[in-house]
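Novice: Below you'll find the structure I mean.
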Amino acid sequence: LLETVVDGGTLRIRPAKRNLNLQSKSIRIVVQARSIERLSLGGSGSIDADPLRARRFDLDLGGSGKINLKGVDAETVSVSLGGSGDVQVGGGTVGKVSVSIGGSGDVDMGRVQATTASVSLAGSGDATVWPRERLSVSLAGSGDVHYYGDPQVSKSTVGSGEVKRIGASPR
């Protein structure tokens, strides 16, 4: 059903045959690695990951899937979401977080304390972040950015989307 390929240090897990429909199958894959720098999902699957530690970490989701990361400690975290999927990170500490959403998906990094955050939102998706010092927001569409803390906020908005403080901290 599946094939695994290592290409330039990247583990790729994909259907062994093109156009293979795996929707009726329940497949669980467990990967253990010394270091992980990126989790990427295309389509309707899901990724559940234990807390990670890295210098730089990327989360990429295209489609209707879900990524649930229990925690992350990193200098830089970048989240890119295209489509209707959801990304949730359960906690951690980050120097800089960057979130980019194109579509109707949601990104919840509200329990990850960051020094700075930048959010670019195009569409109806929502993002939640927790920056201590600075928050930079670019909104186009109806999506909202929710944030914890008292950062200096700079924003550019086109459309009905809003930037809203929802509390001092998520705790």
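Any read-out appearing in this document is the output of simple, stated calculations on the displayed coordinates, not a laboratory observation. Worth saying up front: this structure is predicted, and the values here are computed from it rather than measured. Heads up, the Cβs are rebuilt from the backbone with ideal geometry, glycines too, and the neighbour counts pull from every protein chain shown.
Novice: What does DSSP give for the chain in terms of the percent of beta bridges that are antiparallel, rounded to the nearest 5?
Specialist: Antiparallel bridges make up about 10 percent of those DSSP assigns within the chain.
Novice: Restricting to Cα pairs below 8 Å that are 6+ residues apart, what does the relative contact order work out to for the stretch 37-167? Please round to a whole percent. Let's see the in-between values first.
Specialist: Working: 442 pairs, mean separation 19.7, N = 131.
It comes to 15 percent, rounded to a whole number.
Novice: Let me ask another. About its Cα centre, what dipole magnitude does the stretch 37-167 give when the only charges are +1 on Lys and Arg Cβ and -1 on Asp and Glu Cβ, stated in debye to the nearest 20?
Specialist: Magnitude of the dipole: close to 280 debye.
Novice: If you look for lysine pairs in the chain that are eight or more places apart or on different chains, how many of them have Cα atoms under 21 Å apart?
Specialist: Qualifying lysine pairs in the chain: 6.
Novice: Residue farthest toward the positive end of the dipole of the chain, with Cβ of Lys/Arg at +1 and Asp/Glu at -1: which of Ser104, Leu69, Gly9?
Specialist: Gly9
Novice: Also, quick follow-up: Using 0.36 nm per residue, how much length does the chain from Lys70 to Asp150 gain when fully extended, once their Cα-Cα distance is taken away?
Specialist: 26.3 nm
Novice: Give me the percent of Cα-Cα pairs in the chain that sit more than 28 Å apart, rounded to a whole number.
Specialist: Details: 3503 of 14535 pairs.
Looking at the chain, the distances longer than 28 Å represent 24 percent of pairs.
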